[in-house]
1. Please give the number of the condition Ile92 fails out of (1) in contact with a strand residue (DSSP E or B) (Cβ under 7 Å, 6 or more places away or on another chain); (2) open to solvent by 10 Å² or more (accessible area, probe 1.4 Å); (3) modelled with pLDDT of 95 or more.
2. I'm trying to understand the selection: among the residues of the range 508-553, which are among the charged types (D, E, K, R) and surrounded by fewer than 19 Cβ atoms within 10 Å (Cβ to Cβ)?
3. Kindly provide the set of residues from the range 139-151 that are open to solvent by 70 Å² or more (accessible area, probe 1.4 Å) and among the charged types (D, E, K, R), ordered by number.
4. Say we look at the range 136-188 and pick out the residues that are part of a strand (DSSP E or B) and of a type outside the set (A, V, I, L, M, F, W, C); which of these is nearest to Arg113 (Cα to Cα)?
5. How do the strands (runs of 3 or more DSSP E) wholly within the range 28-135 filter down when requiring 1 or more residues that are charged (D, E, K, R): which remain?
6. Is it true that Glu111 is surrounded by 23 or more Cβ atoms within 10 Å (Cβ to Cβ) and among the acidic types (Asp, Glu)?
7. Given the condition over 21 Å from the mean Cα position of the chain (by Cα), within 23 Å of Tyr673 (Cα to Cα), open to solvent by 10 Å² or more (accessible area, probe 1.4 Å) and aromatic (Phe, Trp, Tyr), answer yes or no: does some residue in the range 306-327 qualify?
8. State all residues of the range 570-596 that are at positive phi and among the charged types (D, E, K, R); if no residue qualifies, say none.
Amino acid sequence: MENYRYPAQCSAIIDVTKPPYCLDNTGQKDCTAALRQIVNDILGAYEKEFYKTKAKLEQMPDPNALISFEIRKVDGRCNVIFPEQLPPSRIIYFPNGTYLVSDTISYAMEEFRNIICDLRHLEMNCQLRFMGQSRNGVVIKLKDHCPGFEFGNDRPVICFMQGEASNIAMTNMFENITVDVGSGNPGATGIRYFANNTGALRNVKIVSSDPEYRGNTGLSVLHDKVSACYAKNVEVIGFNYGIKIMSQYLYTTFEHIVLKHQKRTGFYVGNNAVFIRDLYSENSVSALKVDGFTAFVSLIDAQLLGGAEQDVAIRHSFGQLFLRNIKAEGYEHILDKGWSFMRPEPVDGYLKEYSSHGPKTLFEGTNSLSLNLPVLETPEVPWDDPEDWVSVQEFGAVGDGVTDDTEAIRRAMQSGKPTVYFNPGRFKINGVIEIPATVRRVNFMYGDLLAGEELTKMHHTGAFLIRQESDAPLIIEDLFAWEKFYGYMTLVEHACKRTVIFSDVHVQAASIYFNTVPGGKVFMENTGCTIGGIPGAGARTEPLPREEKFPYDRAVPCFAFNGQEAYCRQINPERSLHEVVNNGGKLWVLGCKTEEEGTAFETLNHGSTEVLGAVFAIGLNKPLPAVINNQSNVSVFASTFGMTVEQQWPIAVRETQNGVTRELKQQELPIRYMQSYTIPLYVGRKNNN
């Protein structure tokens, strides 16, 4: 799609060409100051809400007061991770045109960090959402020969991180925009990106218009705790490095990536876990270099063309690597020969499959190749003309967090319009809202939801219900449901075979999805949730005082797929005892992080699950396996992550086949760093072949 337009009355949209900012989009006037002001205004509103929450908590006399799951006092010391209430959602929207800049576009708050035990902690760089009308039509261009971007620098044009690390940088987005670092700026980096839990770059082009393609890096991720970088349809032309990932923690995910004319390396990986599908490289230098001691990289479905005869397509110096379906032309070898006794010999420039530290199986005679499940692309849902959009406010929704908006939202859904959207607000829902077959798109515009008292008590019920069949896929997108949307319910119940897509959906304190009718298809892109619970709930035997006022059930899966085809790109389920359950269906996952001791992936009843990259964080040393294979077909490439010796999974995999149960233990697997280990490639098949 190449023409993303919104209704004029959509108040989440900041059209940068209109008052009060009035940016020039002819490429003639410098837009730097105005763009910085927009970013500062958005994050300034977040900062204001943060300090309101801090003041409220400080005034509460109880030394163990609780405002929400995360905002509390501990022995009189304040933990203020983020604000109790989010400011109104905003999207920075660029109509087609060229926007000239002369310096980095970022925020300017020097002490923009949250508070743990009354001490400054991690950066609060969240909810930065850049959206262009079209990738080819919107260009943010750095002036030629710009001071500060000389050789030897690594200075970004767009920057999502000014601090050292963060764990609350949620829903940072960059979509449908070209970034051009201009000519004569060899120290320029196009985008320095960062996000946690949910965040994405889509339909982005990063170019050096220098005649010699000079520039430092196209796209870089340098800072720790990155846990939601889903880059899709990204093209980088020029630079020393097309993409550079240097952070230690946690992971990044890439799909449909094009790299051309890099000078040193196409895709460079330091110590991060990086998962890549469909990489096209047209370079004389190496297409991929894995260079960190704790690097953990999967690459599938790659075309690596144009290599120099004396070079190699993939340079694997350190770390762990999984490859599948790799085609290369021009290079002397697909893989470097430094460890030739471990390397498979490719045939005619093609490598079928390779695992540097695997595979691992539990039953004799098991075919040790990955499942290699067929993969479907996420369907594209037509972007309707703004005249065919309707807002829930038009039917009486208030969005003040007090008024019950259930009936108003129901009326909007029944309006007959194909796109239903939400202007900024916190919408109280106290019953089930059906999404009919006439609706193709529900766009929350990153607005918030609040669960009413009745809804919180509804077990095995979706706040939104899909039960009408339709050949047209339904997309649910751009939701940021905060900590007041909690309870025993789930966000969506899928009770038909209609294809459903979740895109950029973040639910902070409730589960997201289950289906009651098998046989359909569901697609998840950049979607995450948390099943209530104060962090570390699994490490305690008793709940904290006053925690009982927040109803939730950790036995509810974050994602429950029953007899379905499910395709998941960058999902982030947390704190459930059953994070992702595949009951008799087909589940394919590229990029995932789970958190706390619950089983990350459970497959049963002859299901098939393939995980091509995941990080299982903070296991709490419980007897729960990270992966369960119960009479099913499973292959997993994953790493654990823990900050102490008490934060691991003693049991990596528990597999049951024909009444026999076996386990893959922590001590049988390669160490990645400290106490963290990897599942370099586990394969379990119900027929052991």
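The values are calculated or read from the model by the stated rules, or taken from the named source; none is laboratory data. All values derive from a computational prediction rather than experimental measurement. With ideal geometry, Cβ positions are generated from the backbone for all residues, glycine too; neighbour counts draw on all protein chains shown. The protein model used for the area step is the full one, side chains on, heavy atoms only, and it has no ligands, DNA or RNA in it. Shrake-Rupley method; radii C 1.70, N 1.55, O 1.52, S 1.80 Å.
1. (2)
2. Lys521, Arg540, Glu542, Arg546, Glu547, Glu548, Lys549, Asp553 - these are the residues of the range 508-553 that are among the charged types (D, E, K, R) and surrounded by fewer than 19 Cβ atoms within 10 Å (Cβ to Cβ).
3. The answer is Lys143, Asp144, Glu150.
4. Ranking the qualifying residues of the range 136-188, first place goes to Asn172.
5. Fully inside the range 28-135 and qualifying: 72-74, 77-79, 113-116, 119-123, 129-132.
6. No, not satisfied.
7. Yes, some residue in the range 306-327 is over 21 Å from the mean Cα position of the chain (by Cα), within 23 Å of Tyr673 (Cα to Cα), open to solvent by 10 Å² or more (accessible area, probe 1.4 Å) and aromatic (Phe, Trp, Tyr).
8. Listed by number, the residues that qualify are Arg575, Glu596.
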